[in-house]
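Structure, as structure tokens:
No lab work stands behind these numbers, since they all come straight from the coordinates. A quick note: this is a predicted structure, and the numbers were derived from the prediction, not measured. Cβ placement follows ideal geometry from the backbone for every residue including glycine, while neighbour counts extend to all protein chains displayed.
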Amino acid sequence: MTTGAPEPLLALTNVNTFYGQAQVHFDLSITVGRGHIVCLLGGNASGKSTTMKIILGLVKPRSGEVTFDGASLIGLTTPQIVRRGIASVPEARRLFADMSVRENILMGAFVRNDREAIARDLDKMLTLFPKLGQRLSQRAGSLSGGEQQMVAMARALMSRPRMIVMDEPTMGLSPLYVDRVLELIRTINQEGVSVFMVEQNASLALEIAHEAYVLQTGKIVLSGSARTLKDDPRVRDAYLGGSEAA
Amino acid sequence: MSSWLDYTINGLIVGNVYALVAVGLALIFGVSRLINFAQGSIYLVGAYIGWVAVVQLHTPLPLTIIFVAVVAALVGLIIERFGLRPLQNSVRIAPLLATIGISFVLDQLVMLTFSPNPRALPSQLPDVRFQVGGGTIGPLDLLIAGVGISSALLLFVFLRYSKLGWAVRAASQDRDAAMQMGVDVNRVNQAVFGIAAALGGVSGLLVGMYYNQIDTAMSLQATLKGVVAEVVGGAGNVPGAVVGSLLLGLVESYGVAVFGTSYRNLFAFLLLVVVLVLRPNGLFASARQAPPEPLTGTFIAPSRPVRIPRWALLVAVAVFAILPLLPVSFYVLQTLINAWLLGMLALSLTLVAGTIGQVSLGHAALLAIGAYTSALLSLTLSVPVGLAIIAGGLMSAALGTILISPSFRLRGHYVSIATLAIGEIVSLVILNWESVTRGPIGISGIPPLSLFGYDLIDPKSVYWFSFTVMVVLALLQARLLSSHLGRSFRAIRDDDIAARAYGLSLNRYKSLAFIFGGFAAGVSGGIAAHLYSYINHETFNTQQSILALTVVILGGLGNVVGAVVGAVALVGLPEVFRIAAEYRILIYGIVLLLLVRFRPQGLLGTI
């Protein structure tokens, strides 16, 4: 199931996850190559978001291995994992609604202590997300969904991560913002940050991804390069038809 | 000499003291969605540490304050680390109950160390008063104001400018997201508990100095006042807690000015109930929503109840029924009579808290209503005792349900706070409504139990009487729960929104549960009144409410047999082991803590 990258940055190997009695993942194996964008596709209740939670240490797998840059993440707490260089853009953004936009972005740099570099990075975020410049002192909860997504991405980048995991980054956004977000993901990736994203919108995700996996009720049923999957009739039938009609 | 300005100054000073408690509660609620019922115990610890420092170590005032803050913070850290952190992944009711258990343990430890007698806590400040406008102000007032204002400033700077402060704010808005930013939530919890405890401890010290008296009853009062102030300001809202506290202080002070001292607490709890009913998110909740209480049944530990075969129950009932015929001592019968009375209360609470999920912390009020009704009817109107007890049950059912009904729209923690407040209100009304209840003097000379004209005085007949009543109530309740009503109750507990979507009227079912529960508790109180022959406003206190809750959790929430088993165990075991009375509350607290930690579903399991 390797996707061609010589040494993966992130690897999930034979992960089995349970919620109480119910099994969520069945021998799940996924790798994310260095500098790649990897996309996990799947419908509702396929176990996509749980995969994110496994990587971030929010849910513990019953068995299996998760490694990042060759070192195991199993048993580490979420803050420890974040310090290893994984940042996240959670589902539905999850901003700190009562804190200002500036405070939200700076919270992303929580694991860093280099004040001057943090200040420089904040300026950099404002060139990457120019709209946020006028919003800095506004309550984050008062922004529109698209603007909140920008803040969430800026916040994730502030930790100078080696990888960002994103849970449905385009969910609930207007078409204009969807394109903008995908463009930004590409830009982020070109600066050397690997991206692992979970998406329901397969056609959009396959536009920008290098590789993709298709998850169905906890099992990987398809995987490969984004280009081949895009033309795969099974993916087209299951995911692309619906989302293109929408 | 007492002018309105004096009452205003007094209100603001007392409000400042409440604020020190309430701010800690708000911080903790913000980060862990937990109402820390042990906050008052830390305040108590602070007062006694202060006493040790002032009276025995003769430390100067600034050092005393620092000493108290540091020791209290340590206690807070210990509570967080050993009492609450192990419960992190537990059901949501667990930490709430744990803080109640911790408060019992701390209060009792203080009482056992220092004796329950009040002590003087001198303020070490010169006793002069300055004329300000039409009122006066003393150095202690200024000290309290100074400590209040500087604590608020320090807290503001901490939350605004320190990294840990940012982490606290982020974690209180979205715990998971904060973790994903690298925030160590355990450290945040530690910081918050340490700060809350330091503030609470200093508050206890200042109050002790203000009234120049400390005693162990301070603890519960402080928790209640802090909770009132916090909820009035909006749970988890730190500036709101300060404003809520000052408001509470003023309301109390003006209330005392108009109506007299014994009304002080009545105003506090009325304010709470009004705010809970009209603005459950607090007075300042315009921009922010109060954190949602859980939607599904995570509040109570789910489990598979232990099945007890019918024949075993029959045998048990038969054994207990013929027990008085066997050569058992008067003492055993007496103990079991207490267990049956507590069992009735537990039946009531297990229905309300367990089956329909409204965790009541004021259940003793139902006992009091039943007891007073039955006692007064038989004493002043010469109603036969049997009828009077039934009337007590009915009155408890009616009045209890009416009193709680404005809070039917509340959930989870808020129900507990509301019932706690209503319980206090009932006790305060009894204290103040002298023309009917005889106020603080209480009611004495209540006629003994009797049935059809025959007095039940010897312990055997009292035993049979209370046992029979309890068994009948238990059978009725079991019958009720096996009908569709039981299913509807549990549906409301597990997901009230879904239950409503299926057409269940929440108010009607909650009323039914409280009517039935109120009746059982009222009957228990009525029997107790005739058994004790003397009752007053403190006979049925919050401690009994908590004891009943411990019994219910011990037996398994919602479990009818469990309620009775729990009552027998909790009343009986201390007798068996001959545990001295002053250690009992300590034991109850420890039992509650151990249960919550190791068997939250109770002995027989929740149903």
- prompt: How many times 2.2 N^0.38 Å is the alpha carbon radius of gyration of the range B:2-278?
  reply: 0.98
- prompt: How large is ³J(HN,Hα) for each residue in the range B:544-560, as worked out from phi by the Karplus curve 6.51 cos²θ - 1.76 cosθ + 1.60 (θ = phi - 60°), to whole Hz, x for Gly and Pro?
  reply: 5, 4, 5, 4, 4, 5, 4, 4, 5, 6, 4, x, x, 4, x, 8, 5
statement: Of all C-alpha pairs within the range B:1-92, those more than 20 angstrom apart amount in percent to 51 percent
Share of Cα-Cα pairs in the range B:328-541 lying beyond 32 Å, as whole percent: 18 percent
- prompt: Measuring from centroid to centroid over Cα atoms, what is the spacing of the range B:551-582 and the range A:68-129 in Å?
  reply: 51 Å
- prompt: the range B:478-544: which chymotrypsin sites (Phe, Trp or Tyr not before Pro) are DSSP loop and have at most 10 other beta-carbon atoms within 10 angstrom?
  reply: B:502
message: If amide hydrogens are placed 1.01 Å from N in the peptide plane, which non-local residues have theirs closer than 5 Å to the one on residue A:29?
response: A:14, A:15, A:220
message: Give me, ordered by chain and number, the residues 5 or more places off residue B:604 or on other chains with an amide H under 5 Å from its own placed amide H.
response: B:556
field: Calculated from backbone phi, Karplus (6.51, -1.76, 1.60) coupling profile of the range B:147-159 in Hz, x at Gly/Pro
entry: 5, x, 5, 5, 5, 4, 5, 4, 5, 4, 4, 4, 5
task: For n ≥ 4 DSSP H runs only, could you compute -39500 (n - 2.57) per run for chain B, divide by its residues and tell me the 222 nm figure to the nearest 500?
output: -23000 deg cm²/dmol
message: Could you compute how fast the range A:95-160 diffuses translationally, taking Rh as the Kirkwood radius over C-alpha pairs and applying Stokes-Einstein at 10 °C with viscosity 1.306 mPa s? Give it in µm² per second.
response: 139 µm²/s
message: Quick check: Cα centre of the range A:138-216 to Cα centre of the range B:23-70, how many Å?
response: 47 Å
task: Determine the principal axes of the Cα atoms in the range B:1-55, then give the extent along each, sorted from largest to smallest and rounded to whole angstroms.
output: 45, 32, 12
message: Can you compute the modelled spin-label distance between residue A:100 and residue B:142, with each label point 7 Å from Cα toward Cβ, in nm?
response: 3.7 nm
- prompt: Averaged over peptide B:180-191, how many Cβ atoms belonging to another chain are found within 10 Å of each residue's Cβ?
  reply: 6
statement: Subtracting the Cα-Cα distance of residue B:581 and residue B:429 from 0.36 nm times their residue separation yields 51.8 nm
- request: Work out, step by step, the length gained on full extension between residue B:381 and residue B:119: first 0.36 nm times the residue separation, then minus their alpha carbon distance; give nm to one decimal.
  value: 89.9 nm
task: With a 10 Å radius around each residue's Cβ, average the other Cβ atoms per peptide and rank A:8-14, B:565-571, highest first.
output: B:565-571, A:8-14
message: If you average the alpha carbon positions of the range B:348-376 and of the range B:383-447, how far apart do those two centres end up, in angstrom?
response: 8 Å
task: Evaluate the distance, in nm, between pseudo-label points positioned 7 Å from the Cα of residue B:109 and of residue B:61 along their respective Cα→Cβ axes.
output: 3.0 nm
Average partner coverage of A:76-88, which counts Cβ from other chains inside 10 Å: 4
task: Name the shape class, rounded, prolate or oblate, that the alpha-carbon gyration tensor gives for the range A:38-177, where a ≥ b ≥ c are the square roots of its eigenvalues, rounded holds for a/c under 1.5, and otherwise prolate holds if a/b is larger than b/c and oblate otherwise.
output: oblate
query: In nm, what is the difference between 0.36 nm times the number of residues separating residue B:127 and residue B:321 and their Cα-Cα distance?
result: 63.3 nm
statement: At q = 0.08, 0.09, 0.11 Å⁻¹, the log10 of I(q)/I(0) for the protein assembly as shown from a Debye sum over equal Cα scatterers comes to -0.80, -0.97, -1.26
Ellipticity estimate at 222 nm from DSSP helix runs (n ≥ 4, -39,500 (n - 2.57)) divided over chain A, nearest 500: -9500 deg cm²/dmol
- request: In whole Hz, with x marking every Gly and Pro, tabulate ³J(HN,Hα) for the range A:109-120 from phi via Karplus 6.51 cos²θ - 1.76 cosθ + 1.60, θ = phi - 60°.
  value: 8, 4, 7, 9, 10, 7, 3, 5, 5, 4, 4, 5
query: residue A:53: which aspartates and glutamates have alpha carbons under 17 Å from its alpha carbon, excluding same-chain residues fewer than 8 sequence positions away?
result: A:27, A:65, A:91, A:167, A:168, A:199, B:174, B:176, B:184
field: Range in chain B, longest, excluding exposed trypsin sites (Lys or Arg not before Pro) [loop by DSSP; at most 14 other beta-carbon atoms within 10 Å]
entry: B:308-577
- prompt: What are the semi-axes of the equivalent ellipsoid of chain A, taken as the square roots of 5 times the eigenvalues of the Cα gyration tensor, listed largest first and rounded to whole Å?
  reply: 28, 21, 17
message: Restricting to bridges with both residues inside the protein assembly as shown, how much of the DSSP beta-bridge set is antiparallel, in percent to the nearest 5?
response: 60 percent
message: Which order do the peptides A:196-204, B:377-385 come out in when sorted by mean C-beta neighbours inside 10 angstrom, highest first?
response: A:196-204, B:377-385
query: How well do other chains shield peptide B:166-174, expressed as the mean number of their Cβ atoms within 10 Å of each residue Cβ?
result: 5
query: Under the classification rounded if a/c is under 1.5, otherwise prolate if a/b is larger than b/c and oblate if not, where does the range B:327-401 fall, given a ≥ b ≥ c as square roots of the Cα gyration tensor eigenvalues?
result: oblate
- request: Could you rank the peptides B:70-79, A:61-70 by their average count of other C-beta atoms within 10 Å per residue, with the highest value first?
  value: B:70-79, A:61-70
task: Go ahead and run the numbers for FRET between residue B:590 and residue B:160, Cβ-Cβ distance against an R0 of 35 Å, rounding to 0.05.
output: 0.30
- request: Could you tell me which of rounded, prolate or oblate describes the range B:35-174, using a ≥ b ≥ c as the square roots of the eigenvalues of the alpha-carbon gyration tensor, with rounded for a/c under 1.5 and, failing that, prolate when a/b is larger than b/c and oblate otherwise?
  value: oblate
- line: Pairs over 26 Å Cα to Cα, from B:460/B:510; A:60/A:219; A:48/A:230; A:124/B:163, come to B:460/B:510
task: Name the residues whose placed amide hydrogens come within less than 5 Å of the amide hydrogen of residue A:40, ignoring near sequence neighbours (fewer than 5 apart) on the same chain.
output: A:197, A:198, A:199, A:213
